[in-house]
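Worksheet: the structure to be examined is printed underneath.
The values are calculated or read from the model by the stated rules, or taken from the named source; none is laboratory data. Computed from a predicted structure; not experimentally measured. Ideal geometry is used to build each Cβ from the backbone, glycine not excepted, and the neighbour counts take in all protein chains shown. Please note that ligands, DNA and RNA were not included when accessible areas were found on the heavy atoms of the full protein model with its side chains. Shrake-Rupley method; radii C 1.70, N 1.55, O 1.52, S 1.80 Å.
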Amino acid sequence: MRYTQLGRTGLKVSRLVLGTMNFGGEADEKTSHSLMDAALDAGVNFFDTADIYGTDGEKGATERILGSWFAQGGGRRDKVVLATKVYGNMTNDGTPWNRQSWPNHDRLSALNIRRAVDASLTRLGTDHIDVYQFHHIDRATPFEEIWQAIDVLIQQGKILYAASSNFPGYKIAQANEAARTRGLVGLVSEQCLYNLFERRAEMDVIPAAQEYGLGVIPWSPLHQGLLGGALRKQREGTGSRTHVGRSGSGLADPVVRGQVEAYEKVVAEHGLEPGEVALAWLLGRPGVTGPIVGPRTAEQLDSALRAVELDLPEALLTSLDEIFPGPGPSPEAFAW
């Protein structure tokens, strides 16, 4: 495994981030434990979760699974850089994830941050969270209040670093400028949607992250499977018939299908696997700490691990830019 610093911090993290969103849903507790053991054995030390992950009516189930894994001992907790998130409504009454069921049980008020971190610590069975991430922007809560709450948690030893997820570039700037006035470190990483299909983060999120020294952690690196050999799996009868990507456009869209066909063809010409190429491409992008991989099987984890050692040839990188053109330099490409 290769390691890098998380943004401008002294914290060393693996170039792959183990995503746990499937734990408790598509992967039961036993399978989840075996995947975490395998990831740790391979040197993956950065685990990402969220308080709201689980199943409908069982929010928090994923954190509890991590907690039961930590409880097995063997230095598991000590070896892991643990990241979780706060924002979503945690009322366990069967309502959809983001529907507010009771006031002050979601978002980033000082009250909810205090409540959420204590609940996460209990479920995780640990005394601190290494990277505490804001899952979304909160337009109703000023950053002065948010940072006051975070400062208290740092002083109490409950969290070490604060980070963001799904923030636009201007909110990254606002957050860190507000932190600067309090003498705080500010955000240390941004977790954003970023892959070959979805490159809009290059317009302002990644430049802002680089300017402020944040590590970039892409989620959905395979664009919900479209970059993981979707057409080949369809032909082999092992994949989804529709395969809808994060943008909502799946293989039924002729433009998307054409891109996937061209992608799989050029990857095959180089004798490589589509999913591994998509991850390796992200690992080579400026500012990227490491993509989040959410394996459901040991085979999927092994494939992701191979991507860390993969150096893509220039000819392939050129072809990828032709198939999936990015927005261009910021702001020249879209402002002039």
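Open to solvent by less than 50 Å² (accessible area, probe 1.4 Å), within 19 Å of the chain's Cα centre (by Cα) and not aromatic (Phe, Trp, Tyr): which single residue out of Leu184, Leu153, Leu160, Leu124 fits that description?
Unique residue meeting the criteria: Leu124.
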List pairs: first in the range 126-151 and part of a loop (DSSP other than H, G, I, E, B), second among the hydroxyl-bearing types (Ser, Thr, Tyr), Cβ under 6 Å, 6+ apart or cross-chain?
-> His135/Tyr87; His135/Ser165; His136/Tyr87; Thr141/Ser109
Positions within the range 285-301 being open to solvent by 70 Å² or more (accessible area, probe 1.4 Å) and either touching a residue at least 40 places away in the same chain (Cβ under 8 Å) or in contact with a His (Cβ under 6 Å, 6 or more places away or on another chain) (or both), in sequence order = Pro286, Arg296
Considering Ala208, Ala175, which residue is open to solvent by 10 Å² or more (accessible area, probe 1.4 Å), in contact (Cβ under 8 Å) with a residue 24 or more places away in the chain, in contact with a helix residue (DSSP H, G or I) (Cβ under 8 Å, 6 or more places away or on another chain) and of a type in the set (Gly, Ala, Ser)?
-> Ala208
Residues of the range 277-320 that turn out to be assigned to a helix (DSSP H, G or I) and within 24 Å of Glu261 (Cα to Cα), as a count = 20
Output for Cβ contacts, cut-off 9 Å, separation at least six or different chains, first residue more than 24 Å from Lys171 (Cα to Cα) in the range 102-120, second assigned to a helix (DSSP H, G or I) and of a type in the set (Asp, Glu), reads Ala119/Glu63; Ser120/Glu63
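Tell me, please, whether a residue that is farther than 25 Å from Gly7 by Cα, in contact with a helix residue (DSSP H, G or I) (Cβ under 7 Å, 6 or more places away or on another chain) and at pLDDT below 95 can be found in the range 268-289.
The answer is no, given that none of the residues of the range 268-289 is farther than 25 Å from Gly7 by Cα, in contact with a helix residue (DSSP H, G or I) (Cβ under 7 Å, 6 or more places away or on another chain) and at pLDDT below 95.
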When the range 55-82 is checked residue by residue, the ones that are outside any helix (DSSP H, G or I), open to solvent by less than 10 Å² (accessible area, probe 1.4 Å) and either without any contact (Cβ under 8 Å) to a residue 60 or more places away in the chain or in contact with a Cys (Cβ under 7 Å, 6 or more places away or on another chain) (or both) are Lys59, Val80, Leu82
Do you know which residues across the range 154-172 are among the aliphatic types (A, V, I, L, M) and touching a helix residue (DSSP H, G or I) at 6+ places or on another chain (Cβ under 6 Å)?
-> Ile159, Ala162, Ile172
Which residues, taken from the range 21-78, are closer than 26 Å to Glu190 by Cα and in contact with a His (Cβ under 7 Å, 6 or more places away or on another chain)?
-> Ala50
Is it true that Gly75 is on the phi > 0 side of the Ramachandran plot and under 19 Å from the mean Cα position of the chain (by Cα)?
-> no
Mind telling me which of the residues Ala262, Ala268, Ala252 ends up being surrounded by fewer than 20 Cβ atoms within 10 Å (Cβ to Cβ) and not in a helix (DSSP H, G or I)?
-> Ala252
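Can you go through Ile146, Ile137 and tell me which one is touching a Lys or Arg at 6+ places or on another chain (Cβ under 9 Å), modelled with pLDDT of 95 or more, of a type in the set (Val, Ile, Thr) and open to solvent by less than 60 Å² (accessible area, probe 1.4 Å)?
Going through Ile146, Ile137 in turn, the sole match is Ile137.
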